[in-house]
Amino acid sequence: MKKELSILIPTFNDICVDLVQALARQCDSIQRLKYEIVVADDGSTNEEVKQRNSYINNINRCRYELRELNTGRACIRNWLAQQAHYEWLLFVDSHMAVCKDDYIAEYLDTVDDVVYGGYVVKGDAEELKGNLRYLYEKKAEPMHTAEMRIRSPYQDFHTSNFLVSRQVFINHPLDVRFRHYGYEDVLFGKQLQMAGISIDHISNPLAFDRFEDNARFMEKTEESLRTIYMFRDELRGYARLLDASDKLRQSRLHTPFLWIYRKMKNRWRRNLCGDKPSLLVFKLYKLGYYTELG
């Protein structure tokens, strides 16, 4: 069993005290485990969030590092790895929640250098029936089981919940060109495959139980589409949207689909930001938005 663990949590405008406390309780219950929990605030602009997160410094073996400038999703994780004291790094996104009593223990029993535990979607389906992010994640949830992920281990990898040896991560850091939302984890999976480093997929999820409103989720989605367009040549074969776009062009449907998108995009976006969003419209909107970029 692994006996040294640095739990690394990047955050931005997100209160994560409950998450840190839950992780610390599990670590404290494991005999002879040396651990630390480091939360790195990547230039949050919400003063209340920063004030409440400062309580983390009062929790044993935990610290809250407040950074003035926002450096981006890749850079902040690389920085956390550099600060870590222990051999094994567990990266956890700050908006996730612990949902297993043996979450830490299960990771400590793994043998591979990179292990991804996945996530489950929690929430009241009735209360969230108009939330696009919840609907999208719930629809995709069956595709994110360990059994499904192992079929394409490098493409179905996310940085929200994974264990990695410090040496592997230091040798293969995240690409710091990814400053905006989306796809830094996809390229990381490709880099590991090219380096011959395997990714083990297990069922050791965290809970995804907080969902932004539809307007904010659409902004993040559009940002991720601009990101994938910027890095399309490097991500081809590792992102399903690029496969769909290529098939559209190969079938010579690119031009008529783009005409339909331009005619419908405002109506589609109103639907997606409204209280009855359609997942089919969401799929069409994403493909159209990406197609219009090129």
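The values are calculated or read from the model by the stated rules, or taken from the named source; none is laboratory data. As the structure is a computational prediction, the values presented were derived from the model and not from experiment. Heads up: the accessible areas ignore ligands, DNA and RNA and are worked out on the full protein's heavy atoms, side chains in. Shrake-Rupley method; radii C 1.70, N 1.55, O 1.52, S 1.80 Å.
If ligands, DNA and RNA are left out, what is the accessible area of residue 99 with a 1.4 Å probe, given in Å² to the nearest 10?
60 Å²
Quick one: pull the percentage of alpha-carbon pairs in the stretch 136-183 with a separation above 11 Å.
78 percent
Hey, what number do you get for the chain at 222 nm if only DSSP H runs of n ≥ 4 count, each worth -39500 (n - 2.57), divided across all residues, to the nearest 500?
The helix-only estimate for the chain comes to -13500 deg cm²/dmol at 222 nm.
With N residues in the stretch 1-136, what two-decimal value do you get for its Cα radius of gyration over 2.2 N^0.38 Å?
1.10
Work out, in µm²/s and without decimals, the Stokes-Einstein translational diffusion coefficient of the stretch 2-79 at 37 °C, 0.692 mPa s, Rh from Kirkwood over C-alpha pairs.
254 µm²/s
What is the ratio of the Cα radius of gyration of the chain to 2.2 N^0.38 Å, where N is its residue count, to two decimals?
1.03
The stretch 179-291: D in µm²/s via Stokes-Einstein (Kirkwood Rh, Cα pairs, 4 °C, 1.567 mPa s)?
81 µm²/s
Binning every alpha carbon pair distance of the stretch 161-220 at 10 Å from zero, what are the percents per bin?
The percentages, shortest bin first, are 16, 40, 32, 12, 0.
Normalized C-alpha radius of gyration of the stretch 220-266, against 2.2 N^0.38 Å?
Normalised Rg, Cα atoms only: 1.24.
First compute the accessible area of the chain with a 1.4 Å probe, then give the percent of it belonging to carbon and sulfur atoms.
49 percent
Please report Rg (one decimal) and Dmax (integer) in Å for the Cα set of the stretch 133-243.
For the stretch 133-243, the Cα-based Rg and Dmax read 14.4, 40 Å.
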